[in-house]
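Accompanying notes for the structure given below.
The values are calculated or read from the model by the stated rules, or taken from the named source; none is laboratory data. Just so we're clear, the structure is a prediction, and the values are computed from it rather than from any experiment. We place every Cβ from the backbone using ideal geometry, glycine too, and count neighbours over all the protein chains shown.
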Amino acid sequence: MECAVRSRHPTVNCPVAVSRIMRPDDANIAGNVHGGTILKMIEEAGAIISTRHCNSQNGERSVAVLARVERTDFLTPMLIGEVAHVSAEITYTSKHSVEVQVTVMGENILNGVKRVTNRATLWYVPLSADNVHSVVKVPPLQYSSPEQEEEGRKRYEAQKLNRSESKQRNATIIFPTINVEPCTVGYSQSSLIHLVGPSDCTLHNFLQGGVTMKLMDEVAGIVAARHCKTNIVTASVDAINFHQKIEKGSVINVSGRMIFTSNKSMEIEVVVDVDHVLKSPQESAHSVTAFFTYVSLGKDGTALPIPTLKIETEDEKKRFEEGRERYLQAKARRTGEVTKKCQ
Amino acid sequence: MECAVRSRHPTVNCPVAVSRIMRPDDANIAGNVHGGTILKMIEEAGAIISTRHCNSQNGERSVAVLARVERTDFLTPMLIGEVAHVSAEITYTSKHSVEVQVTVMGENILNGVKRVTNRATLWYVPLSADNVHSVVKVPPLQYSSPEQEEEGRKRYEAQKLNRSESKQRNATIIFPTINVEPCTVGYSQSSLIHLVGPSDCTLHNFLQGGVTMKLMDEVAGIVAARHCKTNIVTASVDAINFHQKIEKGSVINVSGRMIFTSNKSMEIEVVVDVDHVLKSPQESAHSVTAFFTYVSLGKDGTALPIPTLKIETEDEKKRFEEGRERYLQAKARRTGEVTKKCQ
Amino acid sequence: MECAVRSRHPTVNCPVAVSRIMRPDDANIAGNVHGGTILKMIEEAGAIISTRHCNSQNGERSVAVLARVERTDFLTPMLIGEVAHVSAEITYTSKHSVEVQVTVMGENILNGVKRVTNRATLWYVPLSADNVHSVVKVPPLQYSSPEQEEEGRKRYEAQKLNRSESKQRNATIIFPTINVEPCTVGYSQSSLIHLVGPSDCTLHNFLQGGVTMKLMDEVAGIVAARHCKTNIVTASVDAINFHQKIEKGSVINVSGRMIFTSNKSMEIEVVVDVDHVLKSPQESAHSVTAFFTYVSLGKDGTALPIPTLKIETEDEKKRFEEGRERYLQAKARRTGEVTKKCQ
């Protein structure tokens, strides 16, 4: 934290940087770092800067908890031995939430080459350090211009709408049968169970959002590898909303299934269920849902064609069409951005 | 966790499945996953399903604790990059114990081949969540046939007999007993062995210096805690030289012993030996040596007095005096720095 | 990496900052972060900045390897939940070595208080990325003043002298020498100590049975590898009973020794002792015992012959015969199962 060292009076919005070397356990067998490892680092940087901001005034002490991640694109894969630099900055605050924008750079320390591998936007809500059910007020951010504030407000309203919609939508029930026929939905669907331990948790003893995202990416990666049996990497993650807190000692069930395939990409839906082992037996609720897009890479790093998903039921067909819709929208947005940049 | 998702009223005996990809750190240098990694996953699945079962009725909340594992065979090795699927099922319950049977399958996700690698039987006892000394009653299992129950009862009686026998048998003492006289050098000396895995290494596949230092501090901390039986913290580390490279797959032996105690501090020498397990038998060389200074902290954070080290041999006496010399030099240097700063 | 982000032409000596939140597993039971965790972060930051510097000119690619750490003082303890900020800067270069100075700050993100917890000086040597035996030339550093360079040179000469002295000094041998005759029991026997941390425990804060089994297998594997110096894998584990609960913060001692060898397998006994470090001095009890069977695998996956265990004492002979008995029983049981299946 340079600015912390440089200045005796660190400003509220001093950026946070989290860096570390990518090790063999961070990567798949082809040497590509799992998207989940990056998502976890992004969330840690976000949690640090937003918690720091929320405690920058003399008020109630609070811990910032992840409420939402906006859609995230993985621009280029990170490799073992590279250094991942994650820098986070606060870009908007509402009364009860903080927007953090994060940039991830991969640095090859042997040849000095650096490149941006990800950009992400996260929303945090501060909960009282003493009472996890109480939301604390966020100190206002100093904006450099009225336009900056106005644009932040628009992003805030948009995510608020999307969040409340996702809360109402009934979470989809994933698990049907295992199918032995390759390229079907049943063939590649996968799930894992994880017992939430102390190192997975925040100071409040609730599951850290970044840990959830890492597990989700792990399941999505297994589904993708089962479907196309090649070296696969995360290309993007759709917006994820965290509606429910998951406490230490819970068992979570993370399930994924293939929804849609295009020529060069596949979309996997991942659902997290919580099983509060020690509580009432019925309590089992969908907690988090997300769509992961994966691509398959050949030895030279170019995208390989993806086997088409075999649709067997009406429900699968409906989901496939919804997936196609999201795919076309994302494509249009990318084209739009490029057009905008070129103007 | 299929059935948990399918039904809103999960039956008591719904199987549990834990899956994860085998990572480089899970395996030895030949790529075979350590049996211990599999045993750990088996036990986690068993603990989840038996804890869930014991809390399936409205009674006292409890946590299931492992009491026994039956003989386990490893049928075929698991490899890095494969997915291990561990599925657990409850097969018998007595008044106070639960029998869980676990099957482990290895799946090569690139070619879709699956095979059974292990089967295991575990026995759990539920202890109250509030009072770890109180055993809680187990809800009865629904059996599909009287024969199933009868066979379970036989297994239960057999393991009960074996358990009580093993309790009576005096455990064999394996190693040269350490000095039992408190405060002697022999009393607190400690050592650990560590297998150098992929994540411990640099890009050259040699042990990272920082990992060595972390292990050295771990041993020094155990020596210090054994000596003074209080909360101890590292106060300083003397200069450390790294003369020798240690390669991936080596076994290192990290040993520590108390050298010197002053009123408020203690000095521990730590030595790292390299054991090139798979190479020539003679090769075992001291690689790194360092002196760690620890202090003991009371609840208010102030330094507590340290019990004086009991010296028993001429060699220990010589080392104690050398330690005192280093202690006095460090003290003089600190005083010098303070004086310098105040000028 | 702020300066990397800010500037398109990062200077050679751009500082490196590594930050992360301190988690329960980083600390002892009193909540103080282990010095070793900090030392590991310090070294990672040093390795990144010196590797980057050594590759900053168009020359041979190299990886910087730690050669020496100067004496390090821990000024105040770091606590769980704080953020550790480690910033590293290059302060001197000789022809073949790099001096890095590191500052560690602890930040309490709830109240914003920051303080310096450590300062350290490390020396790195760049080794060729292609040939680990070849030292590469270090690009010269730009100094801000001749005094800065002169002081660096003095530090360089001082550490060089100390390094060469320490190389000549014979390292002290600490521990009871093991039997040097290959294939004896004493030759391969091994033990490790492990501090029971939060992630090793159940919700009750007692050591999880699966973690114990993993450590036991780790020791058994080292005994087996020391005995036969080949790729070894776990073939089976005899029944294990868990009679005693082991609480968080305990130190356990896991010891293994070779008991029996047949043509193609070897049996290792593993004993777990509990050392309630912070409690009564006498309390040290055997907690768990088990017999592990290992086989040795050739490159094609077939079982290799095992060197016969050399028996030296009556006790070893008795144990060897008991091991043979278990071996024959297991063999008979396997044959019986096969016969049964074929009927």
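Is there a residue in segment B:297-305 that is of a type in the set (S, T, Y), under 21 Å from B:V185 (Cβ atoms) and surrounded by fewer than 19 Cβ atoms within 10 Å (Cβ to Cβ)? Checked against the condition, which is being of a type in the set (S, T, Y), under 21 Å from B:V185 (Cβ atoms) and surrounded by fewer than 19 Cβ atoms within 10 Å (Cβ to Cβ), segment B:297-305 yields no hits at all. Out of A:D275, A:D238, one residue alone is under 15 Å from the mean Cα position of the chain (by Cα), under 25 Å from A:G186 (Cβ atoms) and assigned by TED's automatic domain parsing to the domain that holds A:T293. It is A:D238. Scanning segment B:49-58 turns up one or more residues that are of a type in the set (S, T, Y), more than 10 Å from chain C (Cβ to nearest Cβ) and buried (at least 19 other Cβ atoms within 10 Å of the Cβ). Looking at the structure I just gave you, is C:T76 more than 21 Å from C:Y156 (Cα to Cα) and touching a helix residue (DSSP H, G or I) at 6+ places or on another chain (Cβ under 7 Å)? No. Mind checking which residues of segment C:215-224 are within 12 Å of C:V295 (Cβ to Cβ) and either at the interface with chain B (Cβ under 7 Å from one of its Cβ atoms) or free of Cβ contacts under 8 Å to residues at least 12 places away in the same chain (or both)? Of everything in segment C:215-224, just one residue is within 12 Å of C:V295 (Cβ to Cβ) and either at the interface with chain B (Cβ under 7 Å from one of its Cβ atoms) or free of Cβ contacts under 8 Å to residues at least 12 places away in the same chain (or both), namely C:G221. Look at C:I259 and say whether it is within 11 Å of chain B (Cβ to nearest Cβ) and at pLDDT 95 or above. Answer is yes for this residue.
Select from segment C:199-214 the residues that are more than 7 Å from every other protein chain (Cβ to nearest Cβ) and assigned to a helix (DSSP H, G or I) and write down the one among them that is nearest to B:G35 (Cα to Cα). Looking at residues that are more than 7 Å from every other protein chain (Cβ to nearest Cβ) and assigned to a helix (DSSP H, G or I), I get C:T212. Scanning segment A:139-165 for residues that are hydroxyl-bearing (S, T, Y) and part of a helix (DSSP H, G or I) gives A:Y156, A:S164.
All of B:Y124, B:Y92 fail the test of being more than 13 Å from chain C (Cβ to nearest Cβ) and among the aromatic types (F, W, Y), apart from B:Y92.
Based on what the data block shows, is B:G59 of a type outside the set (D, E) and under 24 Å from C:I232 (Cβ atoms)? The answer is no for B:G59.
Quick one: how many residues across segment B:211-240 are in contact with an Asp or Glu (Cβ under 6 Å, 6 or more places away or on another chain) and either at pLDDT below 90 or aliphatic (A, V, I, L, M) (or both)? Of the residues in segment B:211-240, 2 are in contact with an Asp or Glu (Cβ under 6 Å, 6 or more places away or on another chain) and either at pLDDT below 90 or aliphatic (A, V, I, L, M) (or both).
Listed by first and then second residue, the pairs linking a residue in segment A:228-256 that is within 14 Å of chain B (Cβ to nearest Cβ) and part of a strand (DSSP E or B) to a residue that is small (G, A, S) and surrounded by fewer than 20 Cβ atoms within 10 Å (Cβ to Cβ), with Cβ atoms under 6 Å apart and 6 or more places separating them unless they lie on different chains, are A:N231/A:A30. Restricting attention to segment A:315-337, and to residues there that are within 18 Å of A:V295 (Cα to Cα) and surrounded by 12 or more Cβ atoms within 10 Å (Cβ to Cβ), which single residue is modelled with the lowest pLDDT? Per the criteria, the residue is A:R334. More than 11 Å from every other protein chain (Cβ to nearest Cβ), surrounded by fewer than 22 Cβ atoms within 10 Å (Cβ to Cβ) and under 19 Å from C:E82 (Cα atoms) - does that describe any residue in segment A:66-78? Looking through segment A:66-78, none of the residues is more than 11 Å from every other protein chain (Cβ to nearest Cβ), surrounded by fewer than 22 Cβ atoms within 10 Å (Cβ to Cβ) and under 19 Å from C:E82 (Cα atoms).
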